[in-house]
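These notes are about the structure you will find just below.
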Amino acid sequence: MNYKKVIDLVIKAGKYVFDDELKSNVEMKGAADFVTAVDLKISAFLKEELALISPDVGFMSEEESGGLQSKCWILDPIDGTTNLVYNYNMSSVSLALCVDGRIEFGVVYNPFNGDTFVCERGKGVYLNGKLLPKAPDRDPKDCLIEFGAGSTKKQYADEVFEVAKNVFKNCLDIRRICSSALAVSYVAAGKINGYFERVLKPWDYAAATLFLEECGAKCCDWDGNPIRYDAPTSFVCGTPKALDFLLGVIGKR
């Protein structure tokens with residue numbers, strides 16, 4: 001597999017976020033659930049181009065969910081679509097290669113600042129071409145924790161914000177950037193130390209879970225079960241101390 005070419009395609013696809021005509025073409029999939037022509041353009045572009053590189057690999061995207069196959073690309077064309085619509089500039093293109101239920105390659109790209117996270121299993125995580133060290137395993141009181149509230153899942157608001165309140169009382173501070181792929185990538189990079197969300201879909205986290213493994217962090221669902229890539233799930237991740245802390249708080253909800 002020519003991963004360099006795949007990375008180049010993701011970066012090329014990311015340029016569509018700067019097309020004002022595409023960005024202004026917005027539809028609602030549901031309450032607080034946006035889709036733009038940027039999402040659709042990137043999904044169609046990468047599906048076509050990846051098929052030329054790897055015709056034997058399936059394709060699953062937020063905008064075209066064909067189901068997980070034994071060998072499959074998992075794409076979120078824009079993770080953080082609401083951020084895109086509101087010009088918050090914290091969105092990403094996330095692409096993973098999943099083989100027999102295990103992520104073998106991932107790239108997460110933020111077109112607005114150029115941050116490009118890349119990882120091939122067993123070869124470490126690179127951020128903008130520089131190999132990342134192991135993420136620092138801080139005590140909870142020194143941790144920055146990101147959480148996702150899920151604007152389309154407000155039925156969980158009381159539960160999620162109760163967890164967030166108890167996390168906040170016992171950590172350094174909390175953050176909300178509203179791009180799951182970037183948040184998980186930031187945990188791997190040591191920019192934050194943990195992250196949790198009540199419901200995520202596989203394309204939200206697939207690529208970045210590999211980054212966690214390679215940087216000494218971990219992820220699981222809210223009950224401590226391994227993360228799956230074929231269906232939505234609760235999600236929590238962190239360096240070992242942060243993950244234990246978050247699971248402890250979640251377990252008391």
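Across region 181-200, the number of residues qualifying as small (G, A, S), open to solvent by 10 Å² or more (accessible area, probe 1.4 Å) and either part of a helix (DSSP H, G or I) or touching a strand residue (DSSP E or B) at 6+ places or on another chain (Cβ under 6 Å) (or both) comes to 1. None of N110, N87 is more than 16 Å from C215 (Cβ to Cβ), among the polar types (S, T, N, Q) and touching a residue at least 24 places away in the same chain (Cβ under 8 Å) except N110. Within region 139-179, restricting attention to residues that are assigned to a loop (DSSP other than H, G, I, E, B) and open to solvent by 90 Å² or more (accessible area, probe 1.4 Å), the residue that is nearest to Y88 (Cα to Cα) is R176.
Taking the criterion of being within 25 Å of L131 (Cα to Cα), open to solvent by 30 Å² or more (accessible area, probe 1.4 Å) and of a type outside the set (K, R), the residues of region 217-243 that qualify are C219, P240.
Let's see how each residue does on (1) surrounded by 13 or more Cβ atoms within 10 Å (Cβ to Cβ); (2) at pLDDT below 95:
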| position | (1), (2) |
| --- | --- |
| Y88 | yes, yes |
| S91 | yes, no |
| L95 | yes, no |
| V108 | yes, no |
| P111 | yes, no |
| F117 | yes, no |
| G122 | no, no |
| V125 | yes, no |
| P133 | no, no |
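Scanning region 213-252 for residues that are under 18 Å from the mean Cα position of the chain (by Cα), under 20 Å from V163 (Cα atoms) and of a type in the set (D, E) gives a single hit, D221. Figure legend. Inter-residue proximity from region 9-24: first residues aromatic (F, W, Y), second residues open to solvent by less than 60 Å² (accessible area, probe 1.4 Å), beta-carbon distance below 7 Å, spacing 6+ or different chains. Indicated pairs: Y16/L22; Y16/V38; Y16/I42. Taking region 10-86 and the strands (runs of 3 or more DSSP E) fully enclosed by it, the elements with 1 or more residues that are within 30 Å of D100 (Cα to Cα), at pLDDT 90 or above and open to solvent by 60 Å² or more (accessible area, probe 1.4 Å) are at 71-79. Restricting attention to region 79-126, the residues being β-branched (V, I, T) and under 23 Å from S24 (Cα atoms) number 4.
The values are calculated or read from the model by the stated rules, or taken from the named source; none is laboratory data. This is a predicted model, so every value here is computed, not measured. Because the Cβ atoms are built from the backbone with ideal geometry, glycine has one as well, and the counts that use them run over all protein chains shown. In case anyone asks, the SASA skips ligands and DNA or RNA and just uses the protein heavy atoms, side chains included. Shrake-Rupley method; radii C 1.70, N 1.55, O 1.52, S 1.80 Å.
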